[in-house]
1. Return the residues of the range 162-195 that are part of a loop (DSSP other than H, G, I, E, B), in contact with a helix residue (DSSP H, G or I) (Cβ under 6 Å, 6 or more places away or on another chain) and over 27 Å from K253 (Cβ atoms); say none if nothing qualifies.
2. For the subset of the range 1-38 comprising residues that are of a type in the set (F, W, Y) and over 30 Å from E203 (Cα atoms), which member is surrounded by the fewest Cβ atoms within 10 Å (Cβ to Cβ)?
3. Among what's in the range 63-86 and is of a type outside the set (G, A, S) and touching a residue at least 40 places away in the same chain (Cβ under 8 Å), pick the residue that is nearest to T11 (Cα to Cα).
4. Does the range 97-142 hold any residues that are assigned to a helix (DSSP H, G or I) and polar (S, T, N, Q), and which are they?
5. Can you tell me which residues in the range 66-91 are under 23 Å from V234 (Cα atoms), of a type in the set (V, I, T) and either in contact with a Cys (Cβ under 9 Å, 6 or more places away or on another chain) or assigned to a loop (DSSP other than H, G, I, E, B) (or both)?
6. Those residues that are of a type outside the set (D, E, K, R) and part of a helix (DSSP H, G or I), I need them from the range 143-161; list them, please.
7. Looking at (1) at pLDDT 90 or above; (2) among the β-branched types (V, I, T); (3) within 30 Å of A166 (Cβ to Cβ), can you tell me which one V217 breaks?
8. What do you reckon, is T36 touching a His at 6+ places or on another chain (Cβ under 8 Å) and under 21 Å from A237 (Cβ atoms)?
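The values are calculated or read from the model by the stated rules, or taken from the named source; none is laboratory data. Just so it is clear, the structure is predicted and the values come from calculations on it, not from any experiment. A quick note on method: Cβ atoms are made from the backbone with ideal geometry, for glycine too, and the neighbour counts reach across all protein chains shown.
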Amino acid sequence: MPILEVQHLRTWFPVTAGLLRRHVDDIKAVDDVSFTLEPGTTLGVVGESGSGKTTLGRTILKLTPATGGRVLFDGKDILPLSEGEFRPLRREMQMIFQDPFGSLNPRLSIEAIIAEPLEIHFREMSRTDRRDRVAELLRQVGLKPEMMGRYPHEFSGGQRQRIGIARALAVKPRFIVCDEPVSALDVSVQAQIVNLLQDLQEELGLTYLFIAHDLAVVEHISDHVLVMYRGEIVESASAEAIYAHPQHEYTRKLLSAVPSVG
């Protein structure tokens, strides 16, 4: 059974004009998108800026309201659920954000940042247990537990993204939306983070929706790839097929933009 089924999902943003803010048009950020995602696999979503990739991920997690369609998690449509009804499922579905600095509160220590979701979802957990869990998570993402007293500005971009990953893992989710998690990092660090995500997937049985504009990264991590253009899926195929035999002209243009040695 798929862990996630997206059926005819639409996320439109109204365009208004005039003094009365009259509705004159819609920006169709996500327009009639459908796909399924099997447990333990990675679905890559690629496209240029403005193609609707991030809006798709945020809509699936109910961070952006959907205009129509269905999102089934373990067979249950989550879009009609109230925030109270959805809260138990929020633990199962987490997000790793693009900007590893902007997504971390600069006023909080690393311990407080990673422990925050534990305080929300596991209120019965003692302070000692939370601290032990934070130490375990830091080790899991390749950082030292003694770093938990430091603040975000004391870390490099790659280290901050590892902290973001630790925070996403804190509540033991099964499904993670990775929203361009390496695009703000140096190329050498990108490979380390992608390898870490793959190791964690194998170790914890995670399922990823991996959003990126870099096709080389998506090819490395994904089992299946969706190509988005102006809110729609224009091509869907296995990672191998989409790079060996791209069918859509837009996919071919994206591939031609990937830098190659020499």
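1. The answer is A170, V171.
2. The first filter runs over the range 1-38 and keeps only residues of a type in the set (F, W, Y), leaving 12-13, 35.
Now drop any that are not over 30 Å from E203 (Cα atoms), which leaves 12-13.
On the way: W12: 17, F13: 14.
Ranking the candidates gives F13 first.
3. Quick first cut of the range 63-86, residues of a type outside the set (G, A, S) only: 63-65, 67, 70-74, 76-81, 83, 85-86.
If we keep only those that are touching a residue at least 40 places away in the same chain (Cβ under 8 Å) as well, we get 64-65, 67, 70-74.
Numbers: T64: 8, P65: 7, T67: 5, R70: 11, V71: 12, L72: 16, F73: 18, D74: 22 Å.
So the residue we want is T67.
4. T128, Q140 - these are the residues of the range 97-142 that are assigned to a helix (DSSP H, G or I) and polar (S, T, N, Q).
5. Start the filter on the range 66-91 by keeping residues that are under 23 Å from V234 (Cα atoms), which leaves 66-72.
The next check asks that each one be of a type in the set (V, I, T); those that pass are 67, 71.
The answer is T67, and nothing else.
6. Once the filter is applied, which keeps residues that are of a type outside the set (D, E, K, R) and part of a helix (DSSP H, G or I), the range 143-161 yields P145, M147, M148, G149, P152, H153, G157, G158, Q159, Q161.
7. V217 satisfies every listed condition except (1).
8. In short, no.
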